[in-house]
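A short write-up of the structure that comes next.
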Amino acid sequence: MDSNSAHSPVFLVFPPEITVSKLQSPEFIATTYESSGPFPKSLTTKMKTLGAIQILFGLLNFSFGVVFLFTLENPYPRFPFIFISGYPFWSSVLFINSGAFLVALERKPTGSLVKTTQAMNSLSALAATAGIILIALGLVLDQNYFCGHEDTNGRCWAINTLFIGILIMLMAFSVIELFISLSFSILKRCFYCCNCDWC
């Protein structure tokens, strides 16, 4: 052999736990781990987070409805339009239920729970769409709700600004709820369960 084809030695450095006898053992045991559920980890995290957001938006809608409950005072002859429609109350029930079903689906996925979650999110998407329309209508009908019944300017415009701000917050919650609900109601079976036959 000439010097060009000579092999140079290779040194392997092992941690102290690994010995040569373990490396030369003919029996290697391979262990596979099953995932805890049929959903990928990133989807599980999204489902839990977005379900909690839906529950939070439902609670906030309800609390704004309670605020509107106290707007029937003298010189104001009626409740605001959005309160009369009942949107803050029935939307909060739908949003809280769809969020709770989404969190429950993340914890224990079954076929009936997948279908129920899709149905609840479809209803929430319809409620959010109706809410956007009702709030836009409320903004038009009630833009001078407080100031139209009272001549004093100082307190009136501040309260009217607060009222419009609450309606805008409800509108923002409805738009975000619409996107969350649509993302879990329109998408097909493979989104919910990668390898399930019961959908």
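Among the residues of segment 126-143, those that are open to solvent by 80 Å² or more (accessible area, probe 1.4 Å) and under 16 Å from N61 (Cα atoms) comprise L126, I133.
Can you say whether L162 is under 19 Å from V66 (Cβ atoms), assigned to a helix (DSSP H, G or I) and either open to solvent by 20 Å² or more (accessible area, probe 1.4 Å) or at pLDDT below 65 (or both), as far as the supplied structure shows?
Spelling it out, L162 is indeed under 19 Å from V66 (Cβ atoms), assigned to a helix (DSSP H, G or I) and either open to solvent by 20 Å² or more (accessible area, probe 1.4 Å) or at pLDDT below 65 (or both).
For segment 23-34, indicate whether the set of residues that are part of a helix (DSSP H, G or I) and modelled with pLDDT of 65 or more is non-empty. There is no residue in segment 23-34 that is part of a helix (DSSP H, G or I) and modelled with pLDDT of 65 or more.
Mind checking which residues of segment 94-110 are under 17 Å from G58 (Cβ atoms) and surrounded by fewer than 23 Cβ atoms within 10 Å (Cβ to Cβ)? Within segment 94-110, I96, N97, A100, F101, V103, A104 qualify. Here M120 meets the list (1) modelled with pLDDT of 85 or more; (2) open to solvent by less than 30 Å² (accessible area, probe 1.4 Å); (3) under 15 Å from N61 (Cβ atoms) almost entirely, failing just condition (3).
The values are calculated or read from the model by the stated rules, or taken from the named source; none is laboratory data. This is a predicted model, so every value here is computed, not measured. Cβ atoms come from the backbone with ideal geometry, glycine included; neighbour counts cover every protein chain shown. Ligands, DNA and RNA are stripped out before the accessible areas are found, and what is left, the full protein with its side chains, is counted by its heavy atoms. Shrake-Rupley method; radii C 1.70, N 1.55, O 1.52, S 1.80 Å.
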